[in-house]
Amino acid sequence: MIYIISTIVVLGILVFVHELGHFIAAKLVGIRVETFSLGFPPKIVSKKYGETEYCLSWIPLGGYVKLAGMMDESMDNEFVSEPIKDYEYRAKKWWEKVFVTSAGVIMNLLLAVLIFTIFTFQTGIPNEINDPIINGIAKGMPAEKAGLQSGDEIKSINGYEIEKWADMTEMIHNCPNQEILLEYIRNDEIKLVKITPKLEQTVVDGKIMDVGLIGISAKIDYRPANFGEAISSGFNTTYFWFKLTVSSLGMLIKGEESVKNVGGLIQIGQLAGESAKNGLMSLFSLIAILSVNLAFINILPIPALDGGHIIIAIIEGIIRRELNVKIKMVIQQVGTFILLGLIVLVMINDAFRLFN
C-alpha cells in the first residue's frame with residue numbers, strides 16, 4: 001500500500017506543479033484555459049468553474065492544460081476555421097507563447113530549488129571529514145560481506161599507506177573486480193582483509209562513471225546554513241541534477257548506457273515506495289530529482305512536448321505568421337508517434353523489472 005500511496009503523491013505533485021505553471025502563465029497573458037486535468041482520460045470526476053473544466057482522470061501518466069486556440073496532443077483543430085479571438089493562444093505574441101509553454105518546466109525547476117533549499121536550511125551545509133574512517137556500510141556490498149564496520153580506520157591498500165579518504169576512494173575506484181588487500185585498525189588492533197570492489201555506476205565530479213565500489217561512506221558534519229546559503233545550495237543542487245540528467249541522456253545516445261535502464265511508472269513506484277520507507281525527507285528528495293528530470297524531458301525539442309511547442313512559437317516569431325495547420329498537424333503526429341514509442345519502451349522495461 002505504501003508503494004501505491006507514495007506513487008500517487010509523487011506523480012500528483014509533479015504533474016500538478018507542471019500544469020499549474022502553464023495555467024498561471026496562460027492567465028497572465030490572457031489565454032483562456034478550457035481544461036485542467038491531472039491524468040489522462042477517461043475522467044474520474046470533473047467540475048467546471050468559470051471557463052475552465054477541472055478534471056481528475058484515470059491514466060496516471062501525466063496531465064494537461066487545454067488552451068483555447070492551441071493545437072496540442074488532442075489534435076483538435078476545429079478552431080482554425082473560426083476568426084482568431086483575443087483570448088486564444090494563437091492570438092498572442094511569440095514570446096508570450098514561449099512563456100506559456102515553458103512555464104511548466106520553470107515550475108518544475110523551481111519546485112526542485114524550493115525542496116533542496118528547505119533541506120539545506122534544515123540540515124545545514126555538509127563538510128566531509130577527510131580522515132579514512134568508515135562511518136556507514138551499505139547492505140549487500142563487499143564491505144559488509146568482508147566484515148568491515150563503522151569506526152574502522154583504513155591504514156593501507158595493497159601496501160600503499162592511506163592518509164586521506166579521497167586517496168582511498170581513488171584507489172578503490174580504480175580497482176573494479178580486482179581483489180585488493182585492505183589493512184585497517186579496529187579497537188587499536190591491526191587487521192587485514194581481502195576484498196573485491198564491485199563494478200558500479202556512480203557520480204564522480206558531476207559525471208556518471210563505471211568505478212569500483214565496496215560500499216562505505218565517510219562521516220559528514222553539518223554546519224548551520226543561513227538563508228542565502230540555503231537558497232544558493234538549492235540552485236546549485238538543482239543545477240547538479242539537471243547536468244547529471246543531460247549527461248545520462250548523452251550516455252544513452254552514445255550507447256554508453258543501456259536503454260534497459262530507462263524506467264517508467266513502475267520504476268517510479270518502486271523508488272517512491274522505498275523513499276517513503278526512509279521518511280519524508282527521502283521522499284521529497286526523490287520528488288525534487290524527478291522534477292528536474294521532468295523539466296529536462298519536457299524542454300527537449302520534440303513535437304508534442306513543451307520544447308516542440310517552443311520551437312514552433314519561435315519559428316512563427318521569425319516568419320511573422322502562424323504556421324500552416326497541416327504542417328502543425330504533421331508535426332504533432334510525428335511527436336505523438338515518438339512519445340508512444342518511448343512509452344512502449346518504458347513499459348517493456350518496467351515489465352521486465354517487475355517480473356525479475
Please sort through the DSSP H helices of the chain and keep those with an alpha-carbon extent of at least 27 Å along the long axis and a Kyte-Doolittle average not below -0.5.
-> 2-28, 94-123, 227-254, 280-299, 325-355
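Between Ile5 and Trp58, what FRET efficiency follows from the Cβ-Cβ distance if R0 is 22 Å, with the result rounded to 0.05?
On the way: r = 17 Å, r/R0 = 0.78.
Calculated value: 0.80.
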What's the center-to-center distance, using Cα atoms, between segment 305-321 and segment 45-59 in Å?
-> 29
Give the calculated FRET efficiency between Ile220 and Ile314 to the nearest 0.05, with a Förster radius of 35 Å applied to their Cβ-Cβ distance.
-> 0.20
Just flag the trypsin sites (Lys or Arg not before Pro) in segment 290-334 sitting in loop per DSSP whose Cβ has no more than 14 other Cβ atoms within 10 Å.
-> Arg320, Arg321
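Please compute the alpha carbon radius of gyration of segment 127-222, then divide it by the globular-protein estimate 2.2 N^0.38 Å. Two decimals is fine.
Output field value: 1.00.
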Return the lysines within reach of Lys27: Cα separation strictly under 26 angstrom, same-chain partners fewer than 8 residues apart disregarded; answer none if there are no such residues.
-> Lys43, Lys47, Lys48, Lys66, Lys85, Lys92, Lys93, Lys97, Lys328
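Please give the length that would be gained between Leu192 and Met251 if that part of the chain were fully extended, namely 0.36 nm times their separation in residues minus their C-alpha to C-alpha distance (nm, one decimal).
Working: separation 59, 0.36 × 59 = 21.24 nm, distance 3.83 nm.
Extra length from Leu192 to Met251 when fully extended: 17.4 nm.
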13 Å beta-carbon shell around Asn174, net charge (K/R +1, D/E -1) = -3
If you build the Cα gyration tensor of the chain and take the root of 5 times each eigenvalue, what three semi-axes come out, in whole angstrom, biggest first?
-> 48, 21, 19
Under 5 Å, built H, 5+ apart or other chain: amide partners of Ile162 = Ser156, Ile157
How many nm is it between the label spots at Met209 and Leu280, if each spot is 7 Å from the Cα in line with the beta carbon?
-> 3.8
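Counting helices only, and only those DSSP H runs with n ≥ 4, report the 222 nm mean residue ellipticity of the chain as the sum of -39,500 (n - 2.57) divided by its residues, in deg cm²/dmol to the nearest 500. The partial results should precede the final answer.
On the way: 9 runs with 176 residues, N = 356.
That calculation yields -17000 deg cm²/dmol at 222 nm.
Every number here is computed from the coordinates shown, using simple stated rules; none is lab data. Because the structure is a prediction, the values reported are computed rather than measured. Cβ atoms come from the backbone with ideal geometry, glycine included; neighbour counts cover every protein chain shown.
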